[in-house]
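Data first, discussion second: the structure below is written as structure tokens.
The values are calculated or read from the model by the stated rules, or taken from the named source; none is laboratory data. Please read all numbers here as calculations on a predicted model, not as lab measurements. Cβ sites come from the backbone with ideal geometry, for glycine too, and all protein chains shown count toward neighbours. Remember, those area values only see protein heavy atoms, side chains included, never the ligands or the DNA or RNA. Shrake-Rupley method; radii C 1.70, N 1.55, O 1.52, S 1.80 Å.
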Amino acid sequence: GPKGKGSTALIMNELSDNNEDHVPSSDHLTAVDGTQHPNSAETSIPVVDPNHKIIIRNTADDDDDPPLSSGAGENAVDDDEMEPSESEEEDETDGDDNAPDQCTKQRRTSDGTEIGAVVVNEQAPQLNRRFYLGLNRPSVILRNARLRRERARRRREGTDAQNGEVQSSTNQSIDVENGGTQRSGRAPLNSSTGRRTSSLNSSTGNGVTSSIVSIMSAIVARASSTGQNLITATLVEEDEGEVVVAEQVGFFERNSKIIGIVMCSMIVLLATSLITIIAIQLPTSSPTPSPTTLDSRPTLEIVQERGEVRCGFDNEDYDKDLCRAIAAVIFGNPDKVEWIVVTPSNSFQQLEDTKVDLLSASITHTVEREVMEKSTGAGFSFSSPYHYDGMAYLGNATLVECAQNQKRFGVCASLFICSLDSSTHHAFLEETFPSDFFRVVSSREELSEMLFNDGSCNVITDDRSHLLRIASSHQDDYGNFTISKKMITKDPLALVTRNNDEEFSDIINWVVQALLFGVEQGETKNSTLCQNYSNLTGHASDLNFMNAVYCVGNYEEVFVGDNSNRGMNQINNGTGMLYATPFGDLENGDDTRDIDGIAASLFLDDIRQKRSLNCGVVVPDGFVGELRESDKLVGMSVDYCRTIAAALFYGDTNLVKLSSFSEKDNNSFYALQNTTIDVLFGRRVEKKYDFISSMSLGGFHFSLPYYIGNGTSSDDVSFFSVTTREDDATFSSFVNCVVLATLYAQEKGITKKNIEQMPLSPIFGSELNWALRDAIAYSGSYDEVYAKNFGDVAKEQRGRNILNEYGTPQIHSFPGLSP
């Protein structure tokens with residue numbers, strides 16, 4: 001019949017020499033009350049007395065059953081609930097591996113339906129192990145030790161496993177009130193004894209009755225739908241044993257480990273987040289910048305307060321003289337110079353870090369360096385070139401010819417070239433020779449050493465003028481060496497300043513103009529005219545630029561040498577002066593830097609967003625007609641306006657607004673200054689418009705000239721350029737680059753039909769990558785623009801408005817220095 005409310009479930013551990021001997025050999029079952037029942041197939045299974053016990057055995061460690069802890073997704077038994085594996089027992093018991101580890105449990109139930117069993121040997125499938133937490137369970141170590149002691153005792157006593165069976169029970173018991181769900185686990189300490197309940201009954205022969213009739217096989221699996229893991233159990237009869245009552249375990253106690261892990265993880269995550277937030281908000285500690293770095297005053301004011309100009313130079317005499325000329329203009333004293341030696345590899349960084357005020361170190365002017373120089377990521381301002389040079393080779397005559405022709409086989413296989421690091425020559429070698437045919441050095445002294453002394457290189461490359469000086473200083477060794485006559489690259493050398501102070505940059509540029517003007521006017525060094533200022537002026541336009549000539553000397557005096565060997569570095573007398581400044585690498589850094597964020601111009605963005613370019617065009621007095629239909633210089637100005645529009649708007653030349661201005665007043669400059677127009681065409685370059693004047697005008701930037709007048713060498717020659725404001729250096733560089741593109745196309749033979757040969761220009765932003773191609777697609781080369789407006793004029797009749805293709809004199813001063 002159904003069990004009474006006083007029935008219990010007893011959990012026991014059985015030890016046996018034979019782990020297949022799960023069922024005791026007794027023919028009878030002994031109930032708690034002492035009644036024996038036959039255990040045979042013919043004997044009917046008696047109804048369990050209300051005081052009978054339910055024995056549940058976990059057989060997970062039996063040979064025929066998989067371990068409870070196997071595989072992910074199974075609800076594995078805790079490691080310390082499991083008995084040692086068979087291999088472990090062999091090690092511990094000297095080969096005794098036949099003792100099964102049978103974990104049994106007992107419980108008290110109030111209703112047979114709760115466990116699904118009401119008679120002996122009937123399975124109790126509803127017994128759910130998931131919700132029990134073991135109380136006071138012996139540890140694995142203690143249990144294993146007990147097993148080893150028991151087996152050792154049996155061996156000593158010679159106990160026959162067939163005549164008896166040792167039964168051990170941990171009597172881990174749990175009381176579930178009112179049919180609650182269960183989970184196996186630790187049993188509490190006996191309230192009366194204060195120790196674990198344990199019974200060890202042994203008997204031999206036919207008198208042994210303490211045994212288990214039927215075994216529970218525990219198969220634990222995670223049920224995805226119900227989330228429960230059932231253990232199969234059967235009702236049995238058992239000898240009397242001590243029953244220990246356990247408390248029902250609550251949710252938090254059952255899941256204490258999981259809750260603890262989750263809480264710890266949340267604490268760690270919260271702490272990490274707080275540390276990250278604090279680290280972001282707190283200011284980073286960095287070295288305090290020098291006062292010069294933080295000084296936002298004009299450079300002229302800083303230099304005058306310091307009392308000397310910091311000049312970065314490269315050990316050339318004319319480098320020093322240029323700096324002395326600048327000091328003479330600023331202070332009236334050419335000796336107020338602090339000399340700081342720089343190298344090609346660190347010069348721009350020294351200038352960017354304000355360690356020097358300017359560079360006079362034979363640095364080539366390129367558009368790339370105007371916009372974003374590689375080593376610093378910054379743009380710089382360049383004066384008019386003070387020396388036109390080019391890359392040449394010095395070395396063994398045969399190998400120099402190999403280098404010029406870029407041959408690397410046969411007699412040229414031994415070619416090895418040395419070049420200065422971070423120079424335009426180094427960049428050229430990288431494009432034309434494999435890396436195993438050249439190396440770079442840090443100084444010109446090292447360059448000379450490599451060729452003449454240790455023989456590390458058999459050819460060196462540098463500006464041709466420097467190679468001439470190197471060769472002259474090694475005349476004894478020069479017999480077997482030669483300098484290439486052909487200049488491989490173009491190197492317009494200029495003074496360099498930071499581009500965030502256009503006033504100081506203009507001062508440097510007009511010092512160069514003064515040196516040229518001195519030659520043109522026959523002015524030479526004259527100490528009596530060298531004005532030593534009693535009071536320093538804070539206005540650049542008030543400086544005495546002729547002090548550069550009177551205190552130091554004119555251009556020819558500074559650059560001492562044979563005039564016949566100066567080539568382009570002579571005053572131009574009316575021959576072709578159009579010269580394409582090298583682009584450099586207009587794709588510089590697009591794989592490592594955010595070009596759009598660094599080089600892009602706010603003004604460029606504004607113009608592109610409003611989809612209109614406002615151009616001012618200066619016209620001669622009495623001009624009548626439509627600007628779009630004009631020719632000559634006015635028509636050329638209109639075409640350059642539309643060429644810039646094509647570069648800005650993907651080739652659309654209609655997005656322009658043209659306004660005309662008279663050449664007799666300054667209204668065009670006022671319109672540019674107050675942003676009525678964006679760019680101005682047709683105005684002459686003049687000193688008074690380069691500096692801020694008393695008329696509140698000035699501070700303008702002038703591009704390369706697109707048309708040059710035909711005055712004599714001693715006259716104020718007119719240079720017509722595109723004029724922009726100085727408040728956006730990148731926009732001014734972009735405009736200059738478009739003008740330069742027409743000269744470059746002429747130099748390279750590029751026309752409207754082969755624009756793909758024009759370089760890309762992502763340095764101005766990804767949207768302007770095709771700007772130069774779009775420009776030439778509209779305008780064509782310089783000769784095409786010139787012919788459209790002036791007709792088919794022979795080159796010999798165009799005066800200075802042809803390319804300087806043959807190295808003829810190139811230099812001339814801008815107007816404005818005459819008394």
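Could you tell me which residue of the stretch 310-334 is farthest from Lys355 (Cα to Cα), considering only residues that are open to solvent by less than 30 Å² (accessible area, probe 1.4 Å) and under 37 Å from the mean Cα position of the chain (by Cα)?
So, considering only residues that are open to solvent by less than 30 Å² (accessible area, probe 1.4 Å) and under 37 Å from the mean Cα position of the chain (by Cα), the one farthest from Lys355 (Cα to Cα) is Asp314.
Exactly one of these conditions fails for Val337: (1) touching a strand residue (DSSP E or B) at 6+ places or on another chain (Cβ under 8 Å); (2) surrounded by 24 or more Cβ atoms within 10 Å (Cβ to Cβ); (3) among the β-branched types (Val, Ile, Thr); (4) farther than 15 Å from Val496 by Cβ. Give me its number.
(2)
Find the residue count for the stretch 484-541, including only residues that are farther than 17 Å from Val558 by Cα and of a type in the set (Phe, Trp, Tyr).
So the count comes out to 2.
Kindly list, by first and then second residue, each pair from a residue in the stretch 382-400 that is under 14 Å from Leu468 (Cβ atoms) to a residue that is of a type in the set (A, V, I, L, M) and open to solvent by 30 Å² or more (accessible area, probe 1.4 Å), limited to pairs with Cβ atoms under 8 Å and residues at least 6 apart or on different chains.
Asp389/Met487; Gly390/Met487; Gly390/Ile488; Met391/Met487; Met391/Ile488; Ala392/Met487; Ala392/Ile488; Tyr393/Ile488
I'd like to know if the stretch 710-717 contains one or more residues that are more than 24 Å from Asn573 (Cα to Cα) and either open to solvent by less than 10 Å² (accessible area, probe 1.4 Å) or in a loop (DSSP other than H, G, I, E, B) (or both).
Going residue by residue through the stretch 710-717, those that are more than 24 Å from Asn573 (Cα to Cα) are none.
There is no residue in the stretch 710-717 that is more than 24 Å from Asn573 (Cα to Cα) and either open to solvent by less than 10 Å² (accessible area, probe 1.4 Å) or in a loop (DSSP other than H, G, I, E, B) (or both).
Criterion first (farther than 25 Å from Tyr782 by Cα and either out of contact with any helix residue (DSSP H, G or I) (no Cβ under 8 Å at 6 or more places or on another chain) or open to solvent by less than 50 Å² (accessible area, probe 1.4 Å) (or both)) does Leu743 satisfy it? Steps first, answer last, please.
Values: farther than 25 Å from Tyr782 by Cα: no; either out of contact with any helix residue (DSSP H, G or I) (no Cβ under 8 Å at 6 or more places or on another chain) or open to solvent by less than 50 Å² (accessible area, probe 1.4 Å) (or both): yes.
No, not satisfied.
Among the residues of the stretch 353-369, which ones are crowded, with 19+ Cβ neighbours inside 10 Å, over 23 Å from Gly390 (Cβ atoms) and of a type in the set (Asp, Glu)? Let's see the steps before the verdict.
Pass one, the stretch 353-369, residues crowded, with 19+ Cβ neighbours inside 10 Å: 356-369.
From what is left, the residues that are over 23 Å from Gly390 (Cβ atoms) are 356-358.
Asp357, the sole residue that qualifies.
From the list Ala427, Ala403, which residue is open to solvent by 20 Å² or more (accessible area, probe 1.4 Å) and either outside any strand (DSSP E or B) or without any contact (Cβ under 8 Å) to a residue 24 or more places away in the chain (or both)?
Values: Ala403 fails: open to solvent by 20 Å² or more (accessible area, probe 1.4 Å).
So the residue among Ala427, Ala403 that is open to solvent by 20 Å² or more (accessible area, probe 1.4 Å) and either outside any strand (DSSP E or B) or without any contact (Cβ under 8 Å) to a residue 24 or more places away in the chain (or both) is Ala427.
Kindly indicate the residue of the stretch 671-692 that is of a type in the set (Ser, Thr, Tyr) and in contact with a Gly (Cβ under 9 Å, 6 or more places away or on another chain) and also surrounded by the most Cβ atoms within 10 Å (Cβ to Cβ) among those meeting that condition. Before you say what the answer is, go through the steps one by one.
Taking the stretch 671-692 and keeping what is of a type in the set (Ser, Thr, Tyr), we get 675-676, 689.
Then drop every residue that is not in contact with a Gly (Cβ under 9 Å, 6 or more places away or on another chain), which leaves 676, 689.
On the way: Thr676: 13, Tyr689: 21.
Per the criteria, the residue is Tyr689.
Quickly run through the stretch 391-400 and pick out the residues that are surrounded by 23 or more Cβ atoms within 10 Å (Cβ to Cβ) and assigned to a strand (DSSP E or B).
Step one: of the stretch 391-400, the residues surrounded by 23 or more Cβ atoms within 10 Å (Cβ to Cβ) are 391-395, 400.
Across the stretch 391-400, the qualifying residues are Met391, Ala392, Tyr393, Leu394, Gly395.
Look through Gly574, Gly567 and report the one residue that is among the small types (Gly, Ala, Ser) and within 20 Å of Asp317 (Cβ to Cβ).
Answer to the check: Gly567.
Out of all the residues in the stretch 726-735, is one or more of a type outside the set (A, V, I, L, M), out of contact with any His (no Cβ under 9 Å at 6 or more places or on another chain), assigned to a loop (DSSP other than H, G, I, E, B) and under 30 Å from Pro819 (Cα atoms)?
yes
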